[in-house]
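What follows draws every value from the coordinates through simple rules; no lab data is involved. All values reported here derive from a predicted model rather than from experimental measurement. Cβ atoms come from the backbone with ideal geometry, glycine included; neighbour counts cover every protein chain shown.
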Amino acid sequence: MLSKVTSQIPVENIDTKDLDYLKGVTLSDEGFSRQSECDIILGSDCFFTILRNGRIIGSAGQPIAQSTMFGWVVAGQIRKDSNSSSHTQSHLIRVENDSNIDSILQQFWQMEELPIKKSFLSEEEEFCETHFNSTYKINEQGRFVVKLPVYRDINQLGDTKGMAVSRLLAMENKFKFDSEFEKEYKGFMKEYKEAGHISLNKDSDSSKIEYFIPHHTVQKKDCITTKLRVVFDGLYKSPNSNSLNSVLGVGQVLQPDSFTILVRFRVNKIAFTADIKQMYRQILVHPEDQNLQKIVWRNSSDSPIKEYKLYIVTYGTSSAPFLATRCLHQLASDSQNKNPEISSIIRNSIYMDDLMAGATYNKEAIALIQKLSETLDARGFHLRKWRSNSQDVLNNLSENLGADESNVEIHPENCSKTLGLIWDSSTDSFVFKISFNFESEISKRLFLSQSASLFDSLSFLSPCTILIKIFYQQLWLLKLDWDNAVPEHFAIKWHKFQREFQQIYHISIPRWLQFTEKEITHHGFSDASESAYACIIFCLNTLKDHVINLYAWTDSQVVLSWLSSPPRSWKPFIANRTSEILDLIPWNKWCYVPTKENPTDIGSRGASPKDLPDCRLRWEGPTWLSSPEADWPKQPILKDSDQHVLKERKK
């Protein structure tokens, strides 16, 4: 018996010298006799669909070879000498979800390295960029046509049709037990065909390299427009072959990070959001590459299974994110001379298919929306699900709705998720609606699953999420298995946290930072404890000319002492970090703040959800923040004699 499904199999290497009866047999795993990790576990709903007629039986105590669609698989007993324990050998195909969870969680409390800004492309990224530039086209309808960036040997894709058929049969089996699921799935595929995104394969040339992509579903019950989406598995590979994703180049990450986009979204008084309807599906794949995007489908189990080709950039292939974003960036470049502002928005304010932008005035916002819609629509990218905090902007969109209903759709609800944050456009504020399923028995796996639902892009709730990371630390030290119940005292603590988290609903944070043509002063505070470190920035407007000032505050006089001397004065660890810090913020901008007046103190130590809404220091900063500089905290005289300072000084 395997002690767990993630064990290596076989439990020890097998001597194959007595397995002569298997010579000449094409095995699904030529290395079956050597210990290795499983690749996937097949459920009983599809296991028997892979079996084929044929079985090879050796002598008593020898394994049996069974024919399957993947080749022959070997399972059964191995005869061993009397000094060895007897084991049952099994062959599984495994999908492992937990193998890296422990290492990922470790990163929550490991010290981060100083960020290194990447200034060059890898060989693969450079290939993808060059390949795109030399192969993309604009067709007569104005849509992008791209070629797949095949970066590795394409001749090792193997036979994938068998698995694609098997997955389809398994899906049809699910249809028997869920008629609503069947209706939605078939409706999705029907829409694909009607939109011209797939078509019957009429190419009879068998010499062309082909790849059949198995498909399945992702269901999002909270999604308003598309609750079920059919996705395609470019990771599948037949035995001893490569997957499509392994031969395609991934390309560089072109889009800005979500944090940057969200901060930029808070700058303008008038805000608006939209998304690009089916963005991937608006980009066509060159006919020469469509053989690499075949699928099998039939609308009824009574009909023959047919081959189709996907004509569009396909969700589930490794190159799709790069190709889609690269097309948007190409559109931005093409628009640069004519509409530099529109070009900048397309390049810097779209995250995947989500647009988040704004303007100072209503007229400006309306003009931007019009130009954005026209520019994107020219390449088949239709903006929809518009939201704005301005009724004038919404009214203008309503007037345009009749002109082109496919291009403009105003979303009826005020609240929407915006890169993980809920934006209430009626109050122009960010709100929080997070609910936990209350379970009496908590395992490490369940705790991770529940806490992962806390997505806080701008770290508004960091004093609370810090507590969760501290919980992770404590669980890690216990070395529990993923499905074992956590100790009672920990479960009590987590249940209390869940109940108190309801208080988070009372927090409402204005989206607009109220930047105007005034002097802007940024005050950045930082703090560290044994458990965590934190920072927060307050922005202060004053009635002066448009100037940006910056001050950095810490309650650590040791840190200030390190920063007050040239980096070369310190040992390498401190020298490297002070050098990086002083390159960003000069010494004369660093200030001391008493711990009790430091708004990041709560962030580095954590706070109960019930206390966070009323923590004025956290939300508004210290009372003297808007006072003249003379009223700021008195700066101490730094002492080089402090033992922590002396410890790091070069001798």
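Potential lengthening of the chain between F120 and E441 amounts to 110.6 nm, from the contour at 0.36 nm per residue minus the alpha-carbon distance. Shown here is the pair-distance distribution of the range 601-651: with all Cα-Cα distances grouped in 5 Å bins from zero up to the longest one, the shares run 4, 14, 14, 11, 13, 15, 15, 10, 3, 1 percent. Computed from the C-alpha gyration tensor, the three semi-axes of the ellipsoid equivalent to the range 315-459 are 33, 21, 14 Å, from longest to shortest. Extension gain, D481-H495: 0.36 nm per intervening residue step, less the Cα-Cα distance, totals 3.0 nm. Quick one: of K269/K363; K433/K596; K193/K277, which pairs are farther than 24 Å apart, Cα to Cα? Flagged as over cut-off: K433/K596. Length gained on full extension, D159 to Y505: 119.3 nm, using 0.36 nm per residue less the C-alpha separation.
Say R0 is 35 Å: what FRET efficiency, to the nearest 0.05, do S426 and I548 get from their beta-carbon distance?
Values: r = 32 Å, r/R0 = 0.90.
Once rounded, the FRET efficiency stands at 0.65.
For the range 519-631, the alpha-carbon radius of gyration amounts to 1.16 times the rule-of-thumb value 2.2 N^0.38 Å expected for a compact globular protein.
How high is the FRET efficiency from S199 to L646, r the C-beta distance, R0 56 Å, rounded to 0.05?
Details: r = 75 Å, r/R0 = 1.34.
Taking R0 as 56 Å, the efficiency between S199 and L646 is 0.15.
With no solvent and one point per C-alpha, what does the Debye sum give as log10 I(q)/I(0) for the range 444-510 at q = 0.20 Å⁻¹? Here log10 of I(q) over I(0) equals -0.87.
Using the Kirkwood radius over C-alpha pairs as Rh, can you work out the diffusion coefficient of the range 154-424 via Stokes-Einstein at 20 °C, viscosity 1.002 mPa s, in µm² per second?
On the way: Rh = 20.5 Å.
Using the Kirkwood radius from Cα pairs, D works out to 105 µm²/s.
Compactness of the range 223-306 was expressed as the Cα radius of gyration divided by 2.2 N^0.38 Å, which yields 1.63.
Could you tell me which trypsin sites (Lys or Arg not before Pro) in the range 443-524 are loop residues by DSSP with no more than 14 other beta carbons within 10 angstrom of their beta carbon?
On the way: sites: K444, R445, K469, K479, K493, K496, R499, R511, K518; in loops: K479, R511, K518.
Passing sites in the range 443-524 are K479.
How large is the dipole of the range 519-631 about the Cα centre if only Lys and Arg carry +1 and Asp and Glu carry -1, each at its Cβ, rounded to the nearest 20 debye? Mind showing how you got there, number by number?
On the way: 10 positive and 14 negative charges, 66 e Å.
It works out to roughly 320 debye.
I'd like the distance between the alpha-carbon centres of the range 282-302 and the range 188-205, rounded to an integer number of Å. When both Cα centres are located, 6 Å separates them. Computed from point charges on the beta carbon alone (+1 for Lys and Arg, -1 for Asp and Glu), the dipole magnitude for the range 405-512 about its Cα centre is near 480 Debye. If the label point is 7 Å along Cα→Cβ of T595, which residues in the range 605-645 have backbone nitrogen under 16 Å from it? Backbone N within reach: 605-607, 644.
Given the pairs K186/K294; K338/K385; K137/K161; K186/K417, which span a C-alpha to C-alpha distance of over 21 angstrom in this model?
Values: K186/K294 18 Å; K338/K385 27 Å; K137/K161 30 Å; K186/K417 28 Å.
Too far apart for the 21 Å limit: K338/K385; K137/K161; K186/K417.
For the range 169-276, the Kirkwood hydrodynamic radius comes to 18.3 Å, computed from all pairs of different C-alpha atoms. On the principal axes of its alpha carbon atoms, the range 158-198 extends 32, 30, 6 Å, with the longest extent given first.
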